[in-house]
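Engineer: Pasting in a structure now, in structure tokens, and then I'll have a few things to ask.
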Amino acid sequence: MPKLNSFTLRIRTGEHGLSGTPQYGINGFTLDFDEVEGGAGPGETLEVTGSPESFPHSPVLVGPEEGRWDIEGVDATYHCAGETPYTVRLGAVSLDAASDLNIWHARPERVFDV
């Protein structure tokens, strides 16, 4: 498992949004994002960057304490030590106080024809 220097999430919100900025959890700690641009309200797009400088055993996007957050999709870009950045696209999900979104996805294997 590579060391995760930083990651950026581009989150497209659906019908139910957030009034504030979400947090992320990593290795048992809940943290604020280092950079925030845009919004998480209904129909908005939020781009956030976290810089954990850690091995990503269990990073999650934390669900809201109240209500529901409908996410249409997430583009997650990872910057790992000694590797070129890569992006993974995640589908729709709804988060609430009882649910979080796993945001760690290892680099996809290379595909080639034989």
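The values are calculated or read from the model by the stated rules, or taken from the named source; none is laboratory data. All of these numbers come straight from a predicted model, not from anything done at the bench. We place every Cβ from the backbone using ideal geometry, glycine too, and count neighbours over all the protein chains shown.
Engineer: Can we say residue 70 is over 10 Å from the mean Cα position of the chain (by Cα), charged (D, E, K, R) and not in a loop (DSSP other than H, G, I, E, B)?
Structural biologist: yes
Engineer: Filter segment 56-72 for residues that are farther than 21 Å from residue 12 by Cα and surrounded by fewer than 14 Cβ atoms within 10 Å (Cβ to Cβ); which is modelled with the highest pLDDT?
Structural biologist: Filtering first and then ranking leaves 58.
Engineer: Identify, please: which residue in segment 82-105 is part of a loop (DSSP other than H, G, I, E, B) and touching a residue at least 60 places away in the same chain (Cβ under 8 Å) and is, among those, nearest to residue 17 (Cα to Cα)?
Structural biologist: 92
Engineer: Kindly provide the set of residues from segment 4-47 that are within 17 Å of residue 63 (Cβ to Cβ), without any contact (Cβ under 8 Å) to a residue 24 or more places away in the chain and of a type in the set (D, E, K, R), ordered by number.
Structural biologist: Answer for segment 4-47, where residues must be within 17 Å of residue 63 (Cβ to Cβ), without any contact (Cβ under 8 Å) to a residue 24 or more places away in the chain and of a type in the set (D, E, K, R): just 32.
Engineer: While we're on this one: Is it true that residue 75 is in contact (Cβ under 8 Å) with a residue 60 or more places away in the chain and over 15 Å from residue 30 (Cβ atoms)?
Structural biologist: Spelling it out, residue 75 is indeed in contact (Cβ under 8 Å) with a residue 60 or more places away in the chain and over 15 Å from residue 30 (Cβ atoms).
Engineer: When you scan segment 101-114, how many residues do you find that are in contact with a Phe, Trp or Tyr (Cβ under 9 Å, 6 or more places away or on another chain) and of a type outside the set (A, V, I, L, M)?
Structural biologist: 4
Engineer: Here's something else I'd like to know. Check segment 51-59 and report whether any residue there is of a type outside the set (Ser, Thr, Tyr), closer than 23 Å to residue 106 by Cβ and assigned to a strand (DSSP E or B).
Structural biologist: no
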